[in-house]
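In what follows, a single structure is set out as structure tokens and then discussed.
The values are calculated or read from the model by the stated rules, or taken from the named source; none is laboratory data. Since the model is a prediction, treat every value here as computed from it, not as a measurement. Here Cβ is always computed from backbone atoms with ideal geometry, including for glycine, and neighbour counts include all displayed protein chains. These accessible areas exclude ligands, DNA and RNA; they are computed on the full protein's heavy atoms, side chains included. Shrake-Rupley method; radii C 1.70, N 1.55, O 1.52, S 1.80 Å.
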Amino acid sequence: MVVATGVKVIEKAKKQKLSHNSKTSKVSAWETVKISRHPQRPILQDYIQKVFTNFVELHGDRAFGDDTAIIGGFAQIGNQKVMLIGHNKGKNTTEHIERNFGMAKPEGYRKALRLMKLAQRFNLPIVTIIDTPGAFPGLEAEERGQAESIARNITEMANIEVPIISLVIGEGGSGGALGIGVGDRILMLSNAIYSVISPEGCASILWRDAKYAPDAAEALKITAQALLENNIIDEIIKEPAGGAHTDYEQMASEVNKVLLRNLKSLSNYSVAELLDMRFEKYSAMGKFAE
Amino acid sequence: MSWYTKAIEEKKPHRKTLWVHCKKCKSHIWGEEWEKNLNVCPNCNYHDTITSWQRIELLFDKGSFHELFENISPVDSLNFTDLKGSYKDKIQANKKKSGISESVITGHGKIKGFNVATAIMDFRFLGGSLGSGTGEKILQAANFAYDYGLPYIVFSASGGARMQEGVLSLMQMAKTCAGVARLNKKNIPFISVLLNPTTGGVTASYAMMGDLNISEPGAVIGFAGRRVIEQTIGEKLPDDFQTAEYLLEHGFIDSIVQRKDMRDYLANVLSYYNR
């Protein structure tokens with residue numbers, strides 16, 4: 001059933017023509033959503049090939065299984081060795097099914113946490129790549145503690161004693177994204193989105209109909225620009241005109257440059273400074289009256 | 001207006017207060033009995049919601065509770081408007097309806113003589129949703145526990161992150177958990193009581209991170225919504241799915257405690273804290 005729904009989504013996305021023209025018009029939030037989900041948009045596998053070298057994939061959560069919706073392992077960027085962890089979407093139906101559309105289960109989040117602790121043991125900075133519609137909403141995920149696995153990651157990431165950079169390359173889908181997203185730096189590609197709920201989900205609750213998704217997308221302020229303005233993210237990586245899918249090489253070279261610069265700047269801090277800064281960063285998030 | 005319509009209208013409020021209709025077993029319970037039983041159905045043991053202040057009265061030693069951070073309240077920072085109106089108006093309406101200014105009350109007090117810092121969520125305020133103000137209060141109370149070395153008890157009742165605050169609300173998950181992480185590091189106990197209902201982003205952050213996770217009978221606790229899961233798997237879920245009993249069976253909570261026993265249970269657990 002989930003497969004059928006997913007395939008339908010891909011087919012629909014393929015048919016959609018993007019009217020995006022970065023030179024002349026401001027892109028609407030909903031258009032950005034469509035670009036972020038574009039079937040040809042570069043995914044983690046593309047960045048592994050074009051930005052990183054010597055990727056050593058590591059498998060399993062040591063408790064239940066190996067979730068292919070999140071992958072990770074040692075990787076090198078320039079001369080810098082890192083632990084790379086990210087959501088693993090596909091580009092065609094077979095890949096999508098294999099990787100569960102990048103929707104991770106508890107074993108995926110637990111594998112991610114295991115690798116983060118391994119990074120701490122090896123004293124390697126962590127790069128997490130976010131690209132998921134959300135954590136998998138299925139029976140077995142609930143049964144095995146989807147909420148607990150995400151909660152534990154978010155909590156333990158606060159105390160991981162190496163720098164963490166989180167980069168949203170496509171969809172930042174709610175808790176499923178945040179489960180590997182508590183970084184010292186949060187970066188986004190210019191057409192990526194990051195949202196507390198999918199625009200469709202929000203529309204069907206607050207507008208009582210998923211067809212109002214474009215309105216919800218606008219109201220939720222999910223674009224990189226809006227998130228930068230609200231002090232949620234630290235930096236936007238500019239995509240090639242027309243979107244990341246139009247020029248993989250240029251996109252990869254931008255990502256390479258920005259990641260290296262941020263890795264370098266984070267390497268200047270002691271562990272204590274790093275953890276204090278991380279605590280302050282997340283303590284300061286939110287707007288309220290006092 | 002004729003005399004008999006008037007007579008019926010006058011009777012209405014009486015009918016409301018005298019009898020309570022149990023949401024679960026549908027039986028009619030004498031209002032006084034319902035209240036005396038702490039909003040728990042004497043017939044089927046359904047634990048109906050109670051307000052934060054009712055819970056404080058129930059659990060804390062008389063006069064020992066001191067509210068903290070009570071001035072924090074939500075703002076409509078995204079100018080969020082949906083079909084039913086603006087978030088700004090919803091905030092005002094919820095403040096008026098509930099008499100509180102955020103979905104959580106924070107403070108410190110004594111449970112049978114044991115000093116604790118606490119946060120008690122209130123489902124009446126925007127469905128107990130986790131907004132920026134909620135996150136700030138829960139973090140501040142955690143920091144208070146950290147500074148004074150007090151055990152921290154959070155009572156959750158929430159539909160999840162507050163959509164009207166966008167990613168600001170999502171980030172409250174990281175913010176509150178950062179507070180929990182500091183308590184962990186200093187070996188200060190954190191007890192999470194998951195009440196009906198605790199779902200979405202609240203379950204996927206501090207509520208699941210208790211050193212002890214406690215619940216009340218029948219409480220609904222889950223991550224994804226029941227309907228969403230049914231749509232995903234294309235079949236009906238078992239009745240007990242995402243209940244406290246289901247979570248106990250699957251190893252995610254330590255104990256299910258009857259409302260009337262909660263004060264004794266917490267005091268007993270706190271008595272083991274030997275630092």
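Some notes on this structure:
- Kirkwood Rh in Å, taken over all unlike Cα pairs in chain A: 19.1 Å
- Pairwise inverse Cα distances across segment B:105-159, averaged and inverted, put the Kirkwood hydrodynamic radius at 11.4 Å.
- Whole-Hz couplings from phi, Karplus 6.51/-1.76/1.60, listed for segment B:163-177; x for Gly and Pro: 3, 5, 10, x, 5, 4, 6, 4, 5, 5, 5, 5, 5, 5, 5
- Taking the charge dipole of chain A about its Cα centre, with +1 at Lys and Arg Cβ atoms and -1 at Asp and Glu Cβ atoms, the residue from A:93, A:120, A:230 reaching farthest to the positive side is A:93.
- Based on the Stokes-Einstein relation at 20 °C and a viscosity of 1.002 mPa s, and on the Kirkwood radius from alpha carbon pairs, segment B:137-203 is assigned a translational diffusion coefficient of 173 µm²/s.
- Accessible area buried at the A-B interface, both sides summed, 1.4 Å probe (Å², nearest 100): 4700 Å²
- In terms of its C-alpha gyration tensor, segment B:12-153 comes out oblate, because a/c is 1.5 or above while a/b does not outweigh b/c.
- Three principal axis extents describe the C-alpha atoms of segment B:202-275; from largest down they are 50, 24, 17 Å.
- Directionally averaged projected area (convex hull, Cα atoms, segment B:169-241), nm²: 5.6 nm²
- Per residue Cα convex hull volume in Å³ - calculated over the protein assembly as shown: 169 Å³
- Counting only protein heavy atoms and a 1.4 Å probe, chain A has 40 square angstrom of accessible area per residue.
- Shape of segment B:49-270, Cα gyration tensor, a/c cut at 1.5: oblate
- In Å², nearest 10: area of residue A:47 left accessible to a 1.4 Å probe: 10 Å²
- DSSP bridge pairs, segment A:36-280: antiparallel proportion in percent, nearest 5: 40 percent
- Point-charge dipole on Cβ atoms (K/R +1, D/E -1) for chain A, about Cα centre, debye to 20: 560 debye
- Each residue of segment A:19-164 gets 143 Å³ once the volume of the Cα convex hull is shared out per residue.
- Options B:58, B:78, B:154, ranked by Cα towards positive dipole end of chain B, top entry (Cβ charges): B:78
- Entries in A:26/B:137; A:264/B:185; A:111/A:264; B:62/B:88; A:287/B:84 that, when Cα-Cα distance is taken, lie over 32 Å: A:26/B:137; B:62/B:88
- In whole percents, the pair-distance distribution calculated for segment B:76-139 from its alpha-carbon pairs, binned every 5 Å from zero, is 4, 17, 23, 22, 16, 9, 4, 3, 2, 1.
- In the full protein context, segment B:66-142 carries 37 Å² of accessible surface per residue, based on a 1.4 Å probe and ignoring ligands, DNA and RNA.
- With every protein chain in place, segment B:49-270: carbon and sulfur % of accessible area (1.4 Å): 49 percent
- When a 1.4 Å probe is rolled over the protein heavy atoms, the share of accessible surface on chain A that falls to carbon and sulfur comes to 51 percent.
- For segment A:50-99 and segment A:229-251, distance of Cα centres in Å: 21 Å
- Value at 222 nm in deg cm²/dmol, rounded to 500, when DSSP H runs of n ≥ 4 in chain A each add -39,500 (n - 2.57): -13000 deg cm²/dmol
- Using a 4.7 Å Cβ-Cβ cutoff, the cysteines of chain B lacking any partner cysteine are B:177.
- With N as its number of residues, segment A:147-288 has a Cα radius of gyration that, divided by 2.2 N^0.38 Å, comes to 1.13.
- Here the 3J(HN,Hα) profile of segment A:38-45, calculated from phi with Karplus coefficients 6.51, -1.76 and 1.60 at θ = phi - 60°, is 4, x, 9, 5, x, 10, 3, 4 Hz, Gly and Pro shown as x.
- Antiparallel DSSP beta bridges within the protein assembly as shown, as percent of all bridges there, nearest 5: 45 percent
- Neighbour net charge for residue A:176 - beta-carbon separation under 11 angstrom, K R +1, D E -1: -1
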